[in-house]
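Undergrad: Just passing along the structure, written as structure tokens.
The values are calculated or read from the model by the stated rules, or taken from the named source; none is laboratory data. Quick caveat, the model's predicted, so the values are computed rather than measured. All Cβ positions, even for glycine, are placed from backbone atoms using ideal geometry, and neighbour counts span all protein chains on display. Ligands, DNA and RNA are stripped out before the accessible areas are found, and what is left, the full protein with its side chains, is counted by its heavy atoms. Shrake-Rupley method; radii C 1.70, N 1.55, O 1.52, S 1.80 Å.
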Amino acid sequence: MDNLLSMQQLSTDDMLRIVKRAVAIKNGEYEPFSEQLFVANLFFENSTRTKLSFEVAEARLGMERIPFEVSTSSVQKGESLYDTCKTLEAIGCDALVIRHPQEAYYEELEGLNIPIINGGDGSGSHPTQSLLDIMTIYEKFGTFEGLNIVICGDIKHSRVAKSNCDALTRLGANVFFSAPKTFQDGALDIEYVDLDEVIDQVDVVMLLRVQHERHDVATKITQVTYNSEYGMNQARYDRLKPDAIVMHPAPVNRGVEILGELIEAPKSVIFEQMTNGVYTRMSILEDVLADRLA
């Protein structure tokens, strides 16, 4: 890959190549890069898992990380994203990881000559999260064909939902949504289901964070009401198939999308997803930097 901008740019072969390489890396089959490479992580939105797992991935591959903080950069003087990125390219960066609140921000960066990895664009795409989710499902089931996957929650504002429904459908899974009316996205051609009607039939329950910061007061729903009607509670957990898994991209609103005591329950793979995020991002970095290392 020259860049990783969205899941739509990846074929199913691309996805499986990246995921299988991530599994191999997890098993210790990797070496740090043989030459010095520089990377900058430009996070214009807050992040814990994505930003820090990229930093660990980069360190394990022996990359030099150029510190970048929005609050102390020339962005505060009005510098455009393009000029910031061109500056980093000019001083020697070999790749950029970018999270930005503007959807499809990368369309303004076509003049760059170094790879861009999208760490999330507004409510648009989150391809690295999607790939780590795919890796986690692949490790558990070894296939996607015929799996029943329900994605639950704030569909309208979720870049994870948009990325995963496209990718998992193309990989052969049956993907459904479950959400309150105010959280639904009519632009996505996916069937909405009642979670209680399908909970004992699904292989994967993928919970989404309620993005309070993107809602106005009128669309907000109380914590107790949400968990009772749409979240993972003990009654729903007990109805899951024996080999079903519960996922969440995190951060988790405890007691809202899932009860706190279920986050580390046997069927939950939430922290395993975070672990897999490092290996997936190592695989992605190897892939987009392959030409520079050739």
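Undergrad: Of the residues in the stretch 239-252, how many are at pLDDT below 95 and open to solvent by 50 Å² or more (accessible area, probe 1.4 Å)?
TA: Total satisfying the criteria: 1.
Undergrad: Here's a follow-up. Scan the stretch 105-121 for residues that are open to solvent by less than 20 Å² (accessible area, probe 1.4 Å), under 18 Å from Glu79 (Cβ atoms) and not hydrophobic (A, V, I, L, M, F, W, C) and jot them down.
TA: Tyr105
Undergrad: Next up: Confirm whether Glu272 is within 24 Å of Val23 (Cβ to Cβ) and at pLDDT 95 or above. Give the derivation first.
TA: Working: within 24 Å of Val23 (Cβ to Cβ): yes; at pLDDT 95 or above: yes.
In short, yes.
Undergrad: Next question, about the same structure. Could you check the stretch 257-275 and list, in sequence order, the residues that are of a type outside the set (A, V, I, L, M), out of contact with any Ser or Thr (no Cβ under 7 Å at 6 or more places or on another chain) and assigned to a helix (DSSP H, G or I)?
TA: Gly260, Glu261, Phe271, Thr275
Undergrad: Please find, within the stretch 173-203, the residue that is modelled with the lowest pLDDT out of those that are open to solvent by less than 20 Å² (accessible area, probe 1.4 Å) and not hydrophobic (A, V, I, L, M, F, W, C).
TA: Going through the stretch 173-203, the residues open to solvent by less than 20 Å² (accessible area, probe 1.4 Å) turn out to be 173, 175, 177-180, 183, 195, 199, 202-203.
Those still in the list that are not hydrophobic (A, V, I, L, M, F, W, C) too: 178, 180, 203.
Working: Ser178: 95, Pro180: 88, Asp203: 98.
Selected residue: Pro180.
Undergrad: Condition first: under 16 Å from Ile151 (Cα atoms) and among the β-branched types (Val, Ile, Thr). Now tell me which residues in the stretch 238-272 satisfy that.
TA: Answer for the stretch 238-272, where residues must be under 16 Å from Ile151 (Cα atoms) and among the β-branched types (Val, Ile, Thr): Ile245, Val246, Val252, Val256, Ile258, Val269, Ile270.
Undergrad: From the list Arg214, Arg236, Arg281, Arg209, exactly one residue is open to solvent by less than 60 Å² (accessible area, probe 1.4 Å) and either of a type in the set (S, T, N, Q) or at pLDDT below 95 (or both). Which is it? Spell out how you get there, then give the answer.
TA: Working: Arg214 fails: open to solvent by less than 60 Å² (accessible area, probe 1.4 Å); Arg236 fails: either of a type in the set (S, T, N, Q) or at pLDDT below 95 (or both); Arg281 fails: either of a type in the set (S, T, N, Q) or at pLDDT below 95 (or both).
Selected residue: Arg209, the only one of Arg214, Arg236, Arg281, Arg209 that is open to solvent by less than 60 Å² (accessible area, probe 1.4 Å) and either of a type in the set (S, T, N, Q) or at pLDDT below 95 (or both).
Undergrad: Identify, please: which residue in the stretch 18-70 is part of a loop (DSSP other than H, G, I, E, B) and acidic (Asp, Glu) and is, among those, surrounded by the most Cβ atoms within 10 Å (Cβ to Cβ)? Don't jump to the end; show me each part of the working.
TA: Going residue by residue through the stretch 18-70, those that are part of a loop (DSSP other than H, G, I, E, B) are 27-37, 44-48, 61-63, 67-69.
So of that shortlist, the ones also acidic (Asp, Glu) come out as 29, 31, 35, 45, 69.
Working: Glu29: 9, Glu31: 7, Glu35: 9, Glu45: 15, Glu69: 9.
Among those that are part of a loop (DSSP other than H, G, I, E, B) and acidic (Asp, Glu), it is Glu45.
Undergrad: Separate question: So if I check each of Ile149, Ile98, which one is of a type in the set (A, V, I, L, M, F, W, C) and outside the structural domain of Lys20 (by the TED database)? Can you show your working first?
TA: On the way: Ile98 fails: outside the structural domain of Lys20 (by the TED database).
Matching residue, one of Ile149, Ile98: Ile149.
Undergrad: List, please: which pairs have Cβ atoms under 6 Å, are six or more places apart or on different chains, and start with a residue in the stretch 75-97 that is touching a residue at least 12 places away in the same chain (Cβ under 8 Å) and more than 10 Å from Ile114 (Cβ to Cβ) and end with one that is part of a helix (DSSP H, G or I) and open to solvent by 60 Å² or more (accessible area, probe 1.4 Å)?
TA: Tyr82/Glu108
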